[in-house]
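The values are calculated or read from the model by the stated rules, or taken from the named source; none is laboratory data. Keep in mind that what you see is a predicted model, and the values were worked out from it rather than measured. We place every Cβ from the backbone using ideal geometry, glycine too, and count neighbours over all the protein chains shown.
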Amino acid sequence: MPSRGRWPGPALAGALIWAAGPGWAFILDSASFALSAALLALVRIRHVPVPRRSVLADLRHGFGEVRARDWFWASLLGHGIWNGAAAVLMTLGPAVAIDRLGGETTWVLLLQAGAIGMLTGSLLAGRVRLRRPVLLANLGLACYAAPLFLLAVAAPAPAVIAAYAVALTALGYLNPVWETVVQQHFPPEVLARVTSYDWLVSLAATPLGYALAPLAADAFGTPVPLTVAGLLVLASCAGTALVPGVRRLTWAPGPQPRSVEPVGVR
């Protein structure tokens, strides 16, 4: 899935640095980890018994579940490209905002608008039940190309901020929809294995985006990697619509499907 949870973080960090300085931002960030650990310790979950297998057998079992659902692995590839493009924006966006769009205040406002968009999209996800959830949510992610293109041409700050807010609204809608669909269409006993593949593939391109964006900007100029990232977002989001399983997938009306048992694993 596209990266979750961290999007309100940059907005809050920017506001803290702006208001109190980087030192207090680090202190409060550290305290948030302690609070998170304390809250997680209070969570009680239902135990789902699973058969004992080796690590290799678990990996094969999870891969069999992923491979059996074209809507899932195709979406993971699209989400991975999206996250790589998002890393390009988060790397080069601040420089463009500071140098050509009015300074640090523009970047902080952009992050704040994105946080509001994430919240709005999450609220919409609980109220708007689209018939083809993965298809339309993946296509909605294509909105992220707009702020990439606008940053590439150093468009006026209000346009960039508005485009980013819309893009993050689409992301806020996708994340809870994706989690719900995955839990509906996979048996409970394989969710951990499937989710591990989700995180691995979805986030694999993020470090590449962070590493390659400044190198490409130095070699070709900042507009080039931003434009390429935007084109990749459009191509990957549109590409998922070509996958039959993505186009057909709807909300699961009945019981969980049976697990796909990998050949040779017991």
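Just a few scattered comments:
- Residues being of a type in the set (Phe, Trp, Tyr) and not in a helix (DSSP H, G or I) - total across region 166-203: 1
- Every listed requirement among (1) closer than 20 Å to residue 181 by Cβ; (2) surrounded by 19 or more Cβ atoms within 10 Å (Cβ to Cβ); (3) touching a residue at least 40 places away in the same chain (Cβ under 8 Å) is met by residue 122 save one, (2).
- Members of region 64-100 that are touching an Asp or Glu at 6+ places or on another chain (Cβ under 7 Å) and farther than 29 Å from residue 157 by Cβ: 76
- Just one of the numbered conditions (1) without any contact (Cβ under 8 Å) to a residue 40 or more places away in the chain; (2) surrounded by 20 or more Cβ atoms within 10 Å (Cβ to Cβ); (3) farther than 22 Å from residue 72 by Cα is not true of residue 221: (2).
- Residue that is at pLDDT below 90, closer than 30 Å to residue 58 by Cα and surrounded by fewer than 21 Cβ atoms within 10 Å (Cβ to Cβ), where the choices are 208, 203: 203
- Scoring residue 90 on the criteria (1) under 23 Å from residue 146 (Cβ atoms); (2) over 18 Å from the mean Cα position of the chain (by Cα); (3) of a type in the set (A, V, I, L, M) leaves a single failure, condition (2).
- Pair list, Cβ < 7 Å and 6+ apart or interchain, from region 18-42 residues that are within 23 Å of residue 108 (Cα to Cα) to residues that are at pLDDT below 80 and surrounded by 10 or more Cβ atoms within 10 Å (Cβ to Cβ): 24/16; 25/13; 25/16; 25/17; 28/16
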